[in-house]
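The values are calculated or read from the model by the stated rules, or taken from the named source; none is laboratory data. Since this is a predicted model, take the numbers as computed values, not measurements. Methodologically, a virtual Cβ is constructed for each residue, glycine included, from the backbone with ideal geometry; neighbour enumeration extends over all protein chains shown. We work out accessible area using only protein heavy atoms, side chains counted, and drop any ligands, DNA or RNA first. Shrake-Rupley method; radii C 1.70, N 1.55, O 1.52, S 1.80 Å.
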Amino acid sequence: MRNWRLALPLSLLASACIPNSALDRDQVRATIEQNAGVGGSPVTVERIYLSGDYALGLWSQGARRGDMVLARRSGQWAQLLCGNGPIRDQARLKRAGVPDFAAEMLVSQIAEGG
C-alpha cells in the first residue's frame, strides 16, 4: 500500500512533463496565423514540424509562401524568424537560433516528408 501512495504522485508529476504535441501544434498554428499574414487574407499553415521547444511551420497566403521558425519561451510559442522562402536547412535553422540537435531533427522530419 505504501508504494502505491508514492507511485501516484510521481506518475502525475512525470505526466506533467510530457509534451503534448497536439496542443503544441495548435499553439504554433495560431502564432503563425497571427504573425505571418499581410493584409486581410487568411494564412494557411501547410505543415508543422516539432522538435522539443522548436518548431518550423510552412505557410501560405494566396500566392505568397514562406517558413516560420518558432521557439517555446516561458510556455508560449514565439517567432524567431519568418521568411518568404524556405528556411529548411540546418545552417539557416541554426542561424535563427535553433540548437544543433533540434535543427537536425527538423531537417530529418522534412526529408521524411512527415
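Can you compute the label reach from ALA30? Point 7 Å from Cα along the Cβ direction, backbone N cut-off under 20 Å, restricted to the stretch 44-73.
44-60, 68-73
Any idea how far apart ALA63 and SER108 come out in nm if each label point goes 7 Å out from Cα toward Cβ?
3.9
How would you rank 51-60, 36-45, highest first, on the average number of other Cβ atoms within 10 Å across their residues?
Numbers: 51-60: 20.9, 36-45: 13.5.
The packing order, highest mean first, is 51-60, 36-45.
Gain in length, ALA78 to GLN90, computed as 0.36 nm per residue apart minus the alpha-carbon separation, to one decimal in nm?
Values: separation 12, 0.36 × 12 = 4.32 nm, distance 1.95 nm.
Roughly 2.4 nm would be gained on extension.
Show the residues, 5+ positions off or on another chain, whose built amide H is closer than 5 Å to the amide H of LEU80.
For LEU80, whose amide H was placed from the backbone, the distant partners under 5 Å are VAL69, LEU70, ALA71.
Can you sort ILE87, ILE110 by solvent-accessible area, 1.4 Å probe, largest first? Intermediate values should be presented prior to the final figure.
Values: ILE87 10, ILE110 40 Å².
Listed by decreasing accessible area, they come as ILE110, ILE87.
May I have the convex hull volume per residue, in Å³, for the Cα set of the stretch 57-114?
On the way: hull volume 5.3 nm³, N = 58.
So the per-residue Cα hull volume is 91 Å³.
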